[in-house]
Structures are given as structure tokens and as C-alpha cells.
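*Asks:* The structure that follows is given in the form of C-alpha cells.
What follows draws every value from the coordinates through simple rules; no lab data is involved. Everything quoted here is computed from the prediction, not taken from an experiment. A quick note on method: Cβ atoms are made from the backbone with ideal geometry, for glycine too, and the neighbour counts reach across all protein chains shown.
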Amino acid sequence: MARALLNRLKSLVSRGRHHYRIQVLDEADFGFKRSFRLSFLKLVVLFSSIIIVMVLLTIYLVAFTGLREYIPGYSDPALKLKTLELEYKTDSLAYALDSRDLMLITLQKVLKGERLPDYLPPSKDSISPELASFQRSPEDSLLRLEMESQDLFMPLGKAERPKSLPDALPFPPAKGWVTDSFNLRKSHYGVDVSTERNEAVKSMLDGTVIYADWSFESGYTLVVQHGFNLVTVYKHNAVMLKKQGAFVRAGEPIGIVGNSGELSSGHHVHFEVWYEGLPVDPLSWVSF
């Protein structure tokens, strides 16, 4: 049987090397125009070469040109950050124009000898809360104590690692080095991961964003609800790429690493894992 298969293969190779002549004739008078000498093997090699060139060209366009930004999951985080910076500049220009208009109106009133009305100054430009200056007041301190006692993410009992975690492959939210580890005694329910600037923060698993907002202490914070009663928290982002209610895939960018919030002391992402209402040490499950 092996010999029969070998003979059949040799026969196919022999037929592939057999040459054919293709002639092109004029339809009107059947006059000879051109001829081509081809073989089946040459046609296979030609079409295979064309397919390989097209695949390599597609890979090059996706990997090294701006076309990859139009592919889902390949958005450039630096572009989002640049857009946010342009919004800040536009807002500052609007503030400057409002101040100039107020000055011109006031100057006209003075030149006419009219009584100046009680004008309100233009509202301050809405710069990022990360750049704003805040001072605590006694009322703010009392409010903090009340809110901390009602923290949505405080454990209901003794916080310890569950005996079994969901059978799923977690995706690291960011690649970097851990600067502060999980510590229940210090109420530090996650890990701090320092990364390169403009690094994307990615969802650990498939899930839905249940919280995406800015807070005084944590800055831009995102909370993702996964299956298996699992919740992950990402704090101190510079930019949020997803809104509340958005569905995200594992490894999909949801923010950009930053230094927002009063409790942040450097460029990093604070990452927490909560399983069935209890905090879990991310280092026991995720490798950074």
C-alpha cells in the first residue's frame, strides 16, 4: 500500500511538471495574438507567492502603521491622553476669552461713567481634579468618617483567601513591578504596580464596568464585575477609557496608568481583587 501511495505521488508530481501552452486568439478572425507556456506546479507556486506577499503586507500595515487604530482592541492609549490634553487647552482658552470679555464690558462702563454692576467673575476652567489644590475642612473630615464606615468594598467578615478561585485564566492589568503589597492590617486591600507612563490598564477577565468615576482619595477609579462573584478594582488612573455599564473583554484597555487622587504618591495603578465579598491577594493569582 505504501508503494502504491508513493507511485501515485510521483504521478502527481510528474503531471504537475508537465507543461501546457495557452494561446490567445482574436475572436473576429481567429488570428494568433499571444501564447503562454505554463505548468500546474508553476501556477501553484505563483498563487502561493501572491498569498504570502499579501499576508506579509497586511501584517506590516496593521503592526507599523496607523491603520491598527481602526481595529477593535488596538486603540492607542497615548491618543486618548492627547485628546484629553487638547480638551484642557480648549477649556483654558474659553476661560481666557470670558475674562477678556468681562474686562471690556467693565472698561466700557468706566469710560461712560456708569455705575458698575455686581458682575460675577467667569467660572474657573475645569482642569483635571488631579491638578487641583484641595484643603480639608472639619466638615470634610466628618463626612470622610461617615463614608468610610459605609464603604461598599469593606469586608463583612475576616478577610482571607478563598480555598478555591474561579477556573479562569486571569490577565494582568498592567506589566510592571509591585511597589506595595497586599496588607489587611494596614487596610491595603490590593497591590500597587508601577509601570511605564501612558501604559494601558487592562481588564483582568471578561466583565461589566459597574463603577467609573473620580473620587478625592482614589482619583479616576474603575470597578469591573466578573462572573463567579468576582470584582476587580483599578484606582489612580490618568484617563478612563470605559464608562459605567460597558462590557469589556479580558485584556481590553479600560484606562491609562496615572497618579490621580490624594492617596496616590506616584505613577502607578492600585489593583484589588474581591471574591464573594472578601479581598484576595492579587499576587496569589496574577503575575505582573
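*Asks:* Taking other Cβ within 10 Å of each residue's Cβ, how do LEU222, LEU25 sort, fewest first?
*Replies:* LEU25, LEU222
*Asks:* Spin-label point model (7 Å from Cα, Cβ direction): what's the THR65 to HIS19 distance in nm?
*Replies:* Each label point lies 7 Å from its Cα, and together they span 3.9 nm.
*Asks:* Of LYS186/LYS235; LYS175/LYS243; LYS202/LYS235; LYS80/LYS243; LYS186/LYS242, which pairs sit farther than 20 Å apart, going by alpha carbon to alpha carbon?
*Replies:* Pairs exceeding 20 Å: LYS175/LYS243; LYS186/LYS242.
*Asks:* Mind giving me the FRET efficiency for MET54 and THR90? R0 is 41 Å, r the Cβ-Cβ distance, nearest 0.05 is fine.
*Replies:* The calculated FRET efficiency here is 0.45.
*Asks:* Rank-order 227-233, 282-288 by packing density, defined as the average count of other C-beta atoms within 10 Å over each peptide's residues, highest first.
*Replies:* The peptides rank, most packed first, as 227-233, 282-288.
*Asks:* Which order, highest average first, do 38-45, 213-220 follow once you tally other Cβ atoms within 10 Å for each residue and take the mean per peptide?
*Replies:* 213-220, 38-45
*Asks:* Ok, one more. For a quick check: sort VAL269, VAL191 by the number of other beta carbons within 10 angstrom, fewest at the front.
*Replies:* Ranking VAL269, VAL191 by Cβ neighbours within 10 Å, fewest first, gives VAL191, VAL269.
*Asks:* Going 7 Å from the Cα of ILE210 along its beta-carbon direction, which residues of region 218-257 have the amide nitrogen within less than 15 Å of the resulting point?
*Replies:* Answer for this model: 222-234, 244-248.
*Asks:* Put +1 on the Cβ of each Lys and Arg and -1 on the Cβ of each Asp and Glu in region 171-284; which of HIS270, VAL233, ALA246 then has its Cα farthest toward the positive end of the dipole?
*Replies:* My answer, from the dipole projection, is ALA246.
*Asks:* Once you place label points 7 Å from the Cα toward the Cβ at ARG197 and LEU143, how far apart are they in nm?
*Replies:* The two pseudo-label positions are separated by 3.3 nm.
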